[in-house]
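J.: Take this structure first; my questions come after.
The values are calculated or read from the model by the stated rules, or taken from the named source; none is laboratory data. Not measured: the values here are computed from a predicted model. Cβ coordinates were reconstructed from backbone atoms using ideal geometry, including for glycine residues, and neighbour counts include every protein chain displayed. The accessibility values were calculated without ligands, DNA or RNA, using every heavy atom of the protein model including side chains. Shrake-Rupley method; radii C 1.70, N 1.55, O 1.52, S 1.80 Å.
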Amino acid sequence: MNTEPKEKVAILIPAYNEEMTIEKVIKDFQQVLPEAEIFVYDNNSKDHTNELAVRAGGTVVFEPRQGKGNVVRSMFRDIEADYYIMVDADDTYPADEVDKLLAPLRQGLADMTIGDRLSNGTYTSENKRTGHNFGNNLVKNLINRLYDGNYQDIMTGYRGFNRLFVKTFPVLSAGFEIETELSIHAMDKRFKLVEVPITYKDRPEGSESKLNTVSDGIKVIKTIFQLLKDYKPSLFFGSLSLLFFVLGLLAGGPVLYQFIQTRFIASVPLAILSVGLMILCGLFMMSGLILSTIVRQNRFSYELYIYQVITADKQNKER
C-alpha cells in the first residue's frame, strides 16, 4: 500500500534572531499542516533561533549571506515541493489561515497567492511601528500605478507559490526588497496572482523588527525604479526623454525668440545648454526604443523557458 502523500508542501521560514517566536511558528504550522516539511533558514542569528527551531522539529539550514533576498534565493534553489508557503518567523501571520493561500494554488487559479493584511484593517490597527503604514501604502500605490496592478498588499511576508513560479523566479534582491521584486516580477510576467485577506497581529512584546523604515524603504523605492528600467524601459527612458525635452524648450525658448526678433544669438551659453539637453532627449528616446525591443525578445525567451519547465515536470511525473 502506497502511503506517500500525493503532494508535497514546504513551509519556508526566513529567520534572523527570532528565538522568542520561532518555536511557536513551527508548532502552529505542524498542527495545521502535519504533512508539510518545515524549513527554517537561519540568516546568521546571534541568539538561539537555530537550536529552538531544531527542537521544535524544523529542518534548519544556514544562509551565510545576510539579507532576506539571499535567504529566499537559497530556499527557491534548494527545496523541491509542489507548493510553497513563505512566512516570517515573528509570529505575526496566522498558521490556521494557510489553507486560504493553498486553495487557489491547488485549484490552478494562482501561481502566487498573497496574504493581504491591509484590506481588513488588522495591519493598521495592530502595527505600532512609526511610518510602516505610510510606507506600505506608498509602495502599493506606486507599484500599482507604474505596473498597471490593482493589489492591496505588496509588502506582505505571507505568500504561497506553486512549483512553476519558484523554479523560474530569478531572485536579484539581497534584502527586504524581495517582496517588491516578487510582486513586480509576477505582474510583469503575467503570472496568476490571487490576494486573500488574512489576519495580522503585531510582534509580541520584546521582539524587534529587523526592518528599518527609512533605509529599507529607500532600498524598496530604488528597487521599484530599477525594475521599471529593466521591465519597462520605454516608460522609464521615455519619461527621461520628455523631461530633457521640456528643459531644452525652457532653455532654448528665449534664445529662439531672441533670434527671431534680432536674427542674432547673444546668449550663446544658453543656446549650447539647450542643444545639449535636446541631444540627451534624443539619446534617452533611442535608448528606450532599443531596450524595449530587447525586453520584448527576453519576454519571448522567458515564455519558451516556462514551456520547457512545464514539459520537464510533466515528464518527471510520468516516470
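J.: Answer yes or no as to whether G160 is in contact with a helix residue (DSSP H, G or I) (Cβ under 9 Å, 6 or more places away or on another chain) and modelled with pLDDT of 90 or more.
T.: Values: in contact with a helix residue (DSSP H, G or I) (Cβ under 9 Å, 6 or more places away or on another chain): yes; modelled with pLDDT of 90 or more: yes.
Against the criterion (in contact with a helix residue (DSSP H, G or I) (Cβ under 9 Å, 6 or more places away or on another chain) and modelled with pLDDT of 90 or more), G160 qualifies.
Here is a yes/no grid of residues against (1) under 12 Å from A89 (Cα atoms); (2) of a type in the set (V, I, T):
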| position | (1), (2) |
| --- | --- |
| E7 | no, no |
| Y16 | yes, no |
| F39 | yes, no |
| D47 | no, no |
| V60 | no, yes |
| R65 | no, no |
| R73 | no, no |
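Conditions (1) closer than 25 Å to E181 by Cα; (2) modelled with pLDDT under 90; (3) under 33 Å from the mean Cα position of the chain (by Cα), marked per residue:
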| residue | (1), (2), (3) |
| --- | --- |
| G248 | no, no, no |
| F264 | no, yes, no |
| V268 | no, yes, no |
| I279 | no, no, no |
| I306 | yes, no, yes |
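J.: Of the residues that make up the stretch 102-114, is at least one over 23 Å from V214 (Cβ atoms), in a helix (DSSP H, G or I), modelled with pLDDT of 95 or more and open to solvent by 20 Å² or more (accessible area, probe 1.4 Å)?
T.: Step one: list which residues in the stretch 102-114 are over 23 Å from V214 (Cβ atoms), which gives 102-114.
Applying the additional criterion that residues be in a helix (DSSP H, G or I) yields 102-106.
Pick out the ones that are also modelled with pLDDT of 95 or more and you get 102-106.
Retained after the next criterion (residues that are open to solvent by 20 Å² or more (accessible area, probe 1.4 Å)): 103, 106.
Checked against the condition, which is being over 23 Å from V214 (Cβ atoms), in a helix (DSSP H, G or I), modelled with pLDDT of 95 or more and open to solvent by 20 Å² or more (accessible area, probe 1.4 Å), the stretch 102-114 yields at least one hit.
J.: Say we look at the stretch 115-134 and pick out the residues that are more than 20 Å from the chain's Cα centre (by Cα) and outside any helix (DSSP H, G or I); which of these is modelled with the highest pLDDT?
T.: Restricting to residues being more than 20 Å from the chain's Cα centre (by Cα) and outside any helix (DSSP H, G or I), the top hit is N120.
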